[in-house]
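First up is the structure itself, then whatever we jot down about it.
Every number in this text was worked out from the coordinates using simple rules, so none of it is lab data. Just so it is clear, the model here is predicted, and its values are computed rather than measured. Heads up, the Cβs are rebuilt from the backbone with ideal geometry, glycines too, and the neighbour counts pull from every protein chain shown.
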Amino acid sequence: MYKTPAFRNILLLIFTAVVLVSLSIVLYWKHLDNVLEQREKADIFSAGQTLAKEFNYQIDAELQVLASVGESLEGLPRVEDTKGLMLYLARQKQRNNFEMMGFQFPDGKTYFSDSSAQNDFLSAEAISAAYRDNYYVSRSAAHDDKRIIIVKPVYRNGNKAGVLFAAQLTAFYETALYREPVPGYTQWFIAGADGDIILGRNNAAAGCLKQIPPDNGAARCSLSGRDYFISSVPLEYNNWRLLALQPNPGHRPQKQLTAAVFMCVAIIIVLGVLLLFIILAYRQHSDALYRSAFIYHVTGLGNHNYFESNFARTADAFRKNKIPFALTAVNINRFKAINDIYGFEQGDKILKHAARILKEEVKENELLCHSSADRFLLLLACPDRAEFNARIEKILSRISHFCQDEKLCLEITVNAGMYLVDEDVPFYIMIDRANMALNSIRRDAGQTFAFYNDAYREQIKLISEIESKMNAALADGQFKVFIQPKYDFKTRRIESAEALVRWQDAKKGLIPPDKFIPVFEKNGFVLKLDMFVLEETVKLLARRIKEGRRVVPVGVNFSRLHLEDARFIDAVTEIVDRYNLPHNLIELEITESIAFDSGKTMRGVLDALHARGFTVAMDDFGAGYSSLNILKDLNFDCVKLDKEFLTRGETSERMRHIISGTVEMIKKLGCVIVTEGVETKEQVEFLTAIGCDLAQGYVFSRPLPSADFEHLLDEDVLKTKL
C-alpha cells in the first residue's frame, strides 16, 4: 500500500511542507537572533566603554593626587630626612584615602607611610617605566595581587630624587566596577596583556578571553555550561583591557512571534513524528508481511511462495540465453527422527547448515528456496549432464557432513530429485516431477539422486486416470470392502478382523490398494473412502447382530488427513450410532508414522475416542521409526507389528531377541499385540512362544470378500494346515 503513487504523493507533500516551514522558521529565527545578538553585543560594549572611562578617570585622579604630593616633596627642605618623610607620607595617605604610600630613593632605600623601611620595594623595571612614561601602574611589586600600585617620579633641582608611590586595595576598584551601570551586568574584569585577570571576582572568565576579537569589541562565549556575551575595551594603562561579562538573556521581545514560532515548531514536530510513524509502521508491516509470505523463518531463505513468484523470471532468463536448466528438489531424509532424537534446536542448526551450503553453491542467475521443513528447491543451469551430476554430488556430500563440534558429527542422508525442464508445463507439474524423481531413489542401493524420466510420465498418466474415475467408482459401488480375520495364537479362533478396501474396475479388474491409496492420500479423496469403508463395516456388523449371529471387533484404517478435521470424531460417532452398533466393536487403526508426526494432536484424538468407547490400534509398528516413546506418551489399546519387522527377524537371532524384548515391553503397557504378515508355521511357533496375542496373515487367511468372511466367521474353523 505504501508503495502506491497516491501514498507516495502524500508523503512527498507532507515532507515538502515540513521542509519549507522549517526552512522559513530557521531563516527568520536566525535573522532575528542575529539582530538581537548584535544589539546585545552593542549594549554590553557600550557599558564596558562607560566603565572603562570611569576606571581611567579613577586612575587619572589618583595619579594627579600623587603628582601633587610629589611636587610638595620637591619643596621640602630635606627629603633625606627619613623620619620627617615618613610622617609626611602618613599624613598624605590619611588625607587621600590611600591604603599605603611610600618613597623609594635612587639607591633602593624605601620608606613607607607606616614608618617601616626596606630595600628595593619597586623593581628597576618599574622605576625605569615610571621615569620613561612619567607614571607607572601595576599590581603590587611584592606580587601581592590584592593591591594596585601607582608610581610618579620625583625630581629635585632637575635631578631624579626618587619615586613616590601609593597603593589601593583591589576591593577599592571592584566596588566601582560592581555598581552595575547597566541592569543585568554582574561580572566585570580587568585583564592584563598576557590574559591574566588583574581585577575581578571570577577568574573563570579567562576561558572567554580567547574568543574576543583581536581588535576588541564583543563576542559570544560559553562559560561553565552557560552562554555569555563578553566585551573588551582597552584601558589607558599597560595595555590593560576592561572585560564585561553578561549572561545571554535568551529572550525574544516579540512575544507573539515567539508563540507563533513555537506553534510552527510544534506542528513540524507533530508532522515529522506522524510522517516517521507512518513510514516506520508501513515499513514494519510490509517487512512482516513479506517475511511471513516469502521467507522461511529458520534459515532466512525464500520460501515456496518466493520460489514460485521468481520462477518464471529465472526460467525465462535461461531460455533467452539458451541454457538448459533443471528443477531440483533436495531432501534431508528422516529429519523428523533427527528432531525427535537430538531436539528441534539441533534440527534447526542442520537446516541452517544446509541452507548455508546451498547459498554458497547456487550462482547469481539461479534460484533457491527452503520449500518445507526438510526440503529445498533449486532452479539450476544444466548445460552439461555429466558436470551437473558432479555438481549435485558435491552439494549433497557437503550437506551430509554436519559437525557442530568434535563431540557431535552427524552423517545426514540427503537425496535430490531433478526434472530437466524440456517442455512448457505448469509450475506445480514441474514440482511433482522433481518429487517423483526424488521418491524413486533406491536408498538401499546407495543411490542419492535421480532424474525424472518417461516412466514417471506414465505414472502421472495413471494418477490422472485414477483421479478422473474415483468419484464415479465410489458412486457405482466399485469399491469393495474385504475383511481379513485375526486369530488368537492359543485358541486359533477368530477374535477380531481388519476391514480393507479393493477397487473392482469394470475393465481392469481388481486394483490393489497400493495403486490408488497413495493417490487418494494426496488429493484428499481418502477422507471419503475411509468413511465409506467404516459405514460398510458398521452395516455388516449391525446386520449380523440383528440376525443373532456372532460378531467380532473390526479395525478400520484412517488417514492422517482425518486428524486435521475437527469433525472427524463426531463423524465416526454419527455413523456408528446411526446403526446402533456398540462402539467397542469398531477399532480405529492409525499408522505409526501418523502417531509419530502428530504427537500432541494424536493424544487429544485418543482421549476423545476412548471417552466415547472406541478402541485404537497403532498399525505398522516397526515399519518406520519404531519409537517406544510413542507408546509411552500415547495410550493405544492395540499394537500391530508390521510384517517387515517380522520378516527381518525370521532368520536373525539378534532380531528375534529384539522382537521378543519389544513384545514383552509392549505387553507390560497393557496393549494387545497383533502380528501382521504371519505366513509360516515357524513364525506362528515363534510368536506364540514370545506371547503375541493375535495373528493376521496368509497362514490363516487372506483378506476375503465380506460374504466369505461371514461364512468363515460362522464356521470359525481353521482350514489352513499348520
Worksheet, complete the sentence: With DSSP loop assignment and no more than 10 other C-beta atoms within 10 Å, the trypsin sites (Lys or Arg not before Pro) in region 514-569 are R567
Fill in: Full-extension gain in nm, D196 to N305, via 0.36 nm per residue minus C-alpha separation
31.5 nm
Worksheet entry | Label point distance in nm, H711-E467, each placed 7 Å from Cα along Cα→Cβ | 4.0
Worksheet item: Dividing the alpha-carbon Rg of region 450-514 by 2.2 N^0.38 Å yields what?
Response: 1.63
Fill in: lysines whose Cα lies under 22 Å from that of K41, excluding same-chain neighbours fewer than 8 positions away
K30, K53, K210, K255
Worksheet entry | Restraint check, K336/K394; K349/K515; K394/K515, Cα-Cα greater than 29 Å | K349/K515; K394/K515
Discussion item. With 17 Å as the cut-off, how large is the P(r) tail for region 317-390, expressed as percent of Cα-Cα pairs?
Written reply: 51
Worksheet item: Could you give the length gained on full extension between H657 and A571, defined as 0.36 nm per residue of separation minus the Cα-Cα distance, in nm?
Response: 26.7 nm
Discussion item. I need the GluC sites (Glu not before Pro) found in region 283-378, filtered to DSSP loop residues with at most 11 other beta carbons within 10 Å of theirs.
Written reply: E364
Fill in: Eligible lysines near K539 by straight Cα distance, threshold 16 Å, same-chain separation 8 or greater
K480
Fill in: Rg/Rh for region 481-547, where both radii come from Cα atoms and Rh is the Kirkwood radius
1.06
Worksheet item: Reachable lysines from K681, Cα under 21 Å, same-chain residues fewer than 8 places away excluded?
Response: K486, K490, K640, K643, K719, K721
Practice prompt. Taking 7 Å along the Cα-to-C-beta vector as the label spot, tell me the K349-D488 distance in nanometres, rounded to one decimal.
Written response: 5.4
